[in-house]
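Following: one structure in structure tokens, then a few remarks.
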Amino acid sequence: MKLIILAAPGAGKGTQAEALSKHYDIPTISTGAILRKNIADGTPLGEIAAKYINDGKFIPDDVMIDVVKNRLAENDCKNGFILDGFPRTIAQAEALDASDVEIDAVLNIEVDDSKIIERLSGRLECKACGSSYHKQHKKPAVEGVCDNCGGPLTTRADDKPEIIKSRLETYYAQTEPLINFYEQRGLLKKAVGQENIADTTKVVLEALEA
Ligand code: AMP
């Protein structure tokens with residue numbers, strides 16, 4: 001299964017990618033997580049990424065295309081993968097199309113804007129392993145501590161209200177057109193995001209396996 005997950009920020013891409021990764025036993029390639037790790041490690045890629053992420057803007061296409069091509073060439077991607085956060089622009093989708101990677105399906109998770117803002121403002125992320133939580137909808141067993149690795153939970157720098165607005169504007173201008181792009185190629189599967197994470201996973205699996 002070579003899968004792309006589309007959807008606005010906060011629609012539950014990362015959470016559903018985690019569930020699908022377990023279900024299909026394939027890795028999730030989260031470009032946001034790769035960039036945040038590079039920022040934390042102070043790498044040259046991290047230095048470039050920080051300039052854009054902190055304004056709610058996208059990292060340039062040529063940089064992202066290189067990052068993803070290199071990651072997909074690694075051994076663990078041979079039997080399939082889930083792309084979470086790539087492609088995010090038509091140029092990125094065209095680069096993927098032109099490569100020798102054959103995508104099986106593109107999943108769009110549909111969630112209303114009002115819900116998205118509520119979800120992003122309550123979101124927490126593990127600083128150590130990147131797992132995602134929510135102050136109301138996905139609480140960890142112990143407050144402030146990651147269930148998976150025991151790392152500390154923090155609010156992402158780009159989940160501040162003023163940056164959320166800019167991220168949504170960037171999404172509608174640059175990523176939403178990908179829905180048509182993949183619909184025209186017959187790859188698009190749609191799932192309506194539910195209140196509950198497990199219910200969304202059920203709807204997502206039904207859409208993928210229909
Ligand atoms: P995410 O964790 O997917 O919400 O990504 C966080 C941020 O990383 C985005 O708001 C962008 O600034 C940047 N980013 C992640 N993936 C991409 C991409 N494919 N193209 C450009 N910027 C990206």
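The values are calculated or read from the model by the stated rules, or taken from the named source; none is laboratory data. It should be emphasised that the depicted structure is a prediction, and the values quoted were computed from it without experimental measurement. As a convention, Cβ positions derive from the backbone with ideal geometry for all residues, glycine included, and neighbour counts pool all protein chains shown. All accessible areas refer to the heavy atoms of the entire protein, side chains included, with ligands and DNA or RNA removed. Shrake-Rupley method; radii C 1.70, N 1.55, O 1.52, S 1.80 Å.
Determine whether region 77-96 contains at least one residue that is modelled with pLDDT of 95 or more, in a strand (DSSP E or B), within 15 Å of the ligand (Cβ to nearest atom) and open to solvent by 10 Å² or more (accessible area, probe 1.4 Å). Yes, because at least one residue in region 77-96 is modelled with pLDDT of 95 or more, in a strand (DSSP E or B), within 15 Å of the ligand (Cβ to nearest atom) and open to solvent by 10 Å² or more (accessible area, probe 1.4 Å). Pairing each residue of region 55-73 that is among the acidic types (Asp, Glu) with any residue that is outside any loop (DSSP other than H, G, I, E, B), provided the two are 6+ apart or on different chains, yields C-beta distances under 9 Å for Asp55/Asp158; Asp55/Ile163; Asp55/Ser166; Asp61/Ala91; Asp61/Gln92; Asp61/Ala95; Asp62/Ala91; Asp62/Ala95.
Of the numbered criteria (1) assigned to a helix (DSSP H, G or I); (2) touching a Phe, Trp or Tyr at 6+ places or on another chain (Cβ under 6 Å), the one Lys165 fails is (2). Regarding Glu118, is this residue outside any loop (DSSP other than H, G, I, E, B), free of Cβ contacts under 8 Å to residues at least 40 places away in the same chain, open to solvent by 30 Å² or more (accessible area, probe 1.4 Å) and more than 25 Å from Ile34 (Cβ to Cβ)? Spelling it out, Glu118 is indeed outside any loop (DSSP other than H, G, I, E, B), free of Cβ contacts under 8 Å to residues at least 40 places away in the same chain, open to solvent by 30 Å² or more (accessible area, probe 1.4 Å) and more than 25 Å from Ile34 (Cβ to Cβ). None of Ile34, Ile29, Ile5, Ile39 is within 12 Å of the ligand (Cβ to nearest atom), over 21 Å from Phe81 (Cβ atoms) and either open to solvent by 30 Å² or more (accessible area, probe 1.4 Å) or within 9 Å of the chain's Cα centre (by Cα) (or both) except Ile39. Within region 136-156, not a single residue is open to solvent by 90 Å² or more (accessible area, probe 1.4 Å) and within 18 Å of the chain's Cα centre (by Cα).
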